[in-house]
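Rule-based calculations on the coordinates, nothing more; no lab input. Everything numeric in this text was worked out from a predicted model, so none of it was measured. Note that we place each Cβ from the backbone using ideal geometry, even for glycine, and neighbour counts take in every protein chain shown.
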């Protein structure tokens, strides 16, 4: 099975008429229980389920219009060269949906600072899929949109929804049971603070990092068990509004993910020295009784987890933090 | 089974006459395949085997003499107070061997800077056991000395020997098959460089850190498999003088140990920001073709592994390093 087969299954004979243009927005998301490791690299099928919270108004707006010229991709008002890696990734994704003659003009904008280290591929591919659905009037279900977005980027499957979102692992080889679903619960008091430690491109991308970890890290064998336990705890925490359980599970899950990378060869360490300082600051605050936790993706930047009523003390400790209100 | 039972088994009726005093030296050691986790806390029985290299002239000299006054313990020319944790640990160990009336005067000296972050309990308990053997003329075998030293501190079982030393896990409940043995091979060109990042007392001692890891870290479940593979590779590397295999296995093993801690709760991170800098420096050197690796114990300091012919380039990169020649 390749991506094209899956697209054919989902769309059937639907791609007939196209509007001149369409536009869509999708929120970025941050995983509280991480996605790390693919069981199928072509279809972006994960080794485990994962659970995220969307980032409200922070995300990607994408406008797509049919063109009879060459493809043209603009990211944050800059036109990308054909050989730009992001442009190539987008184009090979778009090739799944169009006839060879059809060309697109794509304008995509992230309304979060790229420096914040938030994943732009998640909201980027989700916004693109929603825009395509509108452009071609496919009228797909959210489940189908999630399946398509997953083919672009695994975590994009979650960015189809807002709020707490679980991406199911699924067990089928064709991945038709591996899509995201939204949880009923909301948690308006929840806050995320993005502490930016470095804004350079990471040396090893997520795809390569996952592959290295699954192929060489002995400790990765225990990762599925960790996720199983953490998913259960995070869902329980959300249901009971138990912030301590949510925070400690998310923090432990993120550190365990980094632990599996550390045990890979060559070792994979996305941290900067300053990353360790931020961890230690959080731990010190917690020792002083402040209910504050963190999560961290495959990069050096740290996302502080806290509740609205701790905003003052958290802001005081992390000055240059970007504050996110997921349920605004 | 408690420690006293084991001492009774090993010594039988041997403790009869004592010389007035005795003295012994034991080398410190650094594990290339780490000891992390106890299967029996009372008897210091390890979850896995481990393998170390001794540090030549760096170690502990201990003099013990019989006294009819109170116990008196001098560490590096400073008399320790009765309530000093190290003094209490030593005294409760000595209580295993003596009648209640017998008192000791103990002078113990480490000839490595305490700041270097080398484990002093390994060489300390090994030197003490060898001195006791001389004091009471027990004439124990090295295996028996290793068993006794293990009761004081797990890694002390390895400091009874010089060179490459393997401490066997054993499977018996009484631990009589869990002792160290020396490997036949030597490797005179091997060098260790101790890069001292911080010299403060660590916040969580090894004993507590091991307990926290074995009790709460999901990833620790894979640790025994990691050790099994690493032990095999390190022995093969020593036999074939394959420095690359030795280095990468030791480095990966150390990072995997730290990874198991990172996945514990509360998270256990012995590093300082500067520790990460040292890692990155080593990785950069390796990318530039210099065969250099590191290992790191449960603390912030890093031990660089290299061969004699790289001394210049390694010294240039790590100025304030203490260089150790294990086979001098």
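Using just its DSSP H runs of length 4 or more, each adding -39500 (n - 2.57), chain A gives a mean residue ellipticity at 222 nm of -11500 deg cm²/dmol after division by all residues. Compute the acute angle (0 to 90°) between the alpha-carbon long axis of helix A:142-152 and the principal axis of greatest extent of the alpha-carbon atoms of chain A; round to the nearest 10°. Once rounded, one gets 90 degrees. Grouping the Cα pair distances of the range B:190-324 into 5 Å bins from zero gives a pair-distance distribution of 2, 10, 19, 20, 19, 16, 10, 4, 0 percent in increasing distance order.
Kirkwood radius for the range B:3-182, taken over all pairs of different Cα atoms as the inverse mean of 1/r, rounds to 16.2 Å. Contact order, relative form, for chain B: 21 percent (alpha carbon pairs under 8 Å, 6 or more residues apart, mean separation divided by residue count).
Highest mean first, the peptides A:124-135, A:1-12 sorted by other C-beta atoms within 10 Å per residue fall in the order A:124-135, A:1-12. As a rough guide to protection, the peptides A:243-249, B:167-173 ranked by mean Cβ packing within 10 Å, highest first, stand as A:243-249, B:167-173.
Each other copy holds its own label point for residue B:41; taking that point as 7 Å from Cα along Cα to Cβ, the gaps run 4.5 nm, nearest first. Counts of other chain beta carbons within 10 angstrom of each beta carbon in peptide B:212-224 average 5. Mind telling me which of A:260, A:141, A:196 comes out most flexible in a GNM of chain A, alpha-carbon contacts under 10 Å? Looking only at A:260, A:141, A:196, the biggest GNM fluctuation is shown by A:141. Label-point spacing at residue B:287 relative to the other copies reads 3.4 nm, in ascending order, each point sitting 7 Å out from Cα along Cα→Cβ. Between the range B:272-291 and the range A:262-291, how far is it from one alpha carbon centroid to the other, in angstrom? What the calculation gives is 19 Å, centre to centre. The range A:188-249 and the range B:139-169 have Cα centres lying 41 Å from one another. Between this copy and the others, label points of residue B:327 are 6.5 nm apart in ascending order, each placed 7 angstrom from Cα in the Cβ direction. Using only Cα atoms and rounding to the nearest 10 degrees, what angle (0 to 90) does helix A:243-262 make with the longest principal axis of chain A? So the helix axis and the longest Cα principal axis differ by about 70 degrees. For the range B:56-98, a/c is not less than 1.5, where a ≥ b ≥ c are the root eigenvalues of the C-alpha gyration tensor, and a/b tops b/c. That puts it in the prolate class.
Cα extents for chain B along the principal axes, largest to smallest and rounded to whole angstrom: 63, 39, 38. Would you mind checking the tilt of helix A:85-94 against the longest principal axis of the Cα atoms of chain A, expressed as 0 to 90 degrees and rounded to 10? On a 0 to 90 degree scale, this one is about 50.
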